[in-house]
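Asks: Structure below; questions to follow.
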Amino acid sequence: MPGIKLVWRTRKMMASCKQATELIEKREIAGLGIYEKVSLTYHLAICKACRAYQSQSRMIDDWIKSQQMENKNSEEDKNLVRRITDEIRKQQ
Amino acid sequence: MNSIETQDLVVSWVKLYSADLHLWAKRKTRDREAAEDLVQETFIAALKGAEKFEGRSNPRTWLFGILNNKINDHFRKSSAGNSRSKDSESIGIIHSMFDESGHWRKSEVIGNWDENESQLLDNDEFNAVLEACLNKLPSQWGASIQLKYLDERNGEEICQELGISPTNFWQIIHRAKLQLRKCLESNWFGGLAK
């Protein structure tokens, strides 16, 4: 019976929450294959907890990114560039 | 070979890459001053070994390679780098979040954070909590998550710089995110709601 086969296949493709949250991170970094995409989409459609993880993961990304932007070109970095440049000019 | 041209070349690298190298070294060593010294040593070594470089690879990747060796030496000398206990502690935290079949344990289900997220960054208290949570991560995890956002670089380059495989990289990011999320929930969001 094709119906049973389909159910069995879908169950096999269904990712656990641990796998689904890992796929969310993999998607950002390496991209997903077709089966991974399907299994993640399917999981997120029915799992509220993992949808919350997904949005929290993005928020964490944004916070760390903007924290870094603020720290860029800080006095600390400029001093370090100056110090190392001087040191290199001293080398013969 | 240590001509003026070589010096100029290395000085141009200092301007371009020292901030990123420092951020990485700082997260790995958890010591700002030691990290500054390691970055300086990296550039001195680059100056001395510039003829070995010959533009074969990306200077950034090459510099990260030198720095990683310096960091390893630093840990060997100080023996303080043995952070294995912290690693296994963190892996334990992650393990306890899911049951045997990989589903969230009830206590780990976190509801949506409905704060205005851009406003939060102007909040010094929140920034301090975020920083504290980042510092609780094993150093390799914290350093990886920082490096992920620097510039617009792809995962492959980052993995080369960190000396880890791509699979390892997203697994580390996944674990780091799980731990950060739990830490922010307990120290900020959950606390506010109750």
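Asks: Looking at A:GLU70, A:GLU25, A:GLU87, can you tell me which residue is in contact with a Phe, Trp or Tyr (Cβ under 6 Å, 6 or more places away or on another chain), modelled with pLDDT under 95 and part of a helix (DSSP H, G or I)?
Replies: Result: A:GLU25 is the single residue among A:GLU70, A:GLU25, A:GLU87 that is in contact with a Phe, Trp or Tyr (Cβ under 6 Å, 6 or more places away or on another chain), modelled with pLDDT under 95 and part of a helix (DSSP H, G or I).
Asks: Suppose we keep only residues that are assigned to a helix (DSSP H, G or I) and more than 20 Å from the chain's Cα centre (by Cα) within region B:84-119. Which one would you say is nearest to the other protein chains (Cβ to nearest Cβ)?
Replies: Filtering first and then ranking leaves B:GLU117.
Asks: Also: Hey, which of the helices (runs of 4 or more DSSP H) in region B:155-194, taking only ones fully inside, have at least 1 residues that are of a type in the set (D, E, K, R)?
Replies: Passing ranges, in order: B:155-162, B:166-184.
Asks: Out of B:GLU33, B:GLU54, report the one residue that is closer than 18 Å to A:LEU80 by Cα and exposed (fewer than 14 other Cβ atoms within 10 Å of the Cβ).
Replies: B:GLU33
Asks: Quick one: in region B:23-33, which of the residues that are in contact (Cβ under 8 Å) with a residue 60 or more places away in the chain and of a type outside the set (Ser, Thr, Tyr) is nearest to the other protein chains (Cβ to nearest Cβ)?
Replies: B:LEU23
Asks: Continuing with the same structure: Which residues, taken from region B:1-22, are in a helix (DSSP H, G or I) and facing another protein chain (nearest Cβ under 8 Å)?
Replies: B:GLN7, B:VAL10, B:VAL11, B:VAL14, B:LYS15, B:SER18, B:ALA19, B:HIS22
The values are calculated or read from the model by the stated rules, or taken from the named source; none is laboratory data. Predicted, not measured: the structure shown is a model, and the values here were computed from it. Ideal geometry is used to build each Cβ from the backbone, glycine not excepted, and the neighbour counts take in all protein chains shown.
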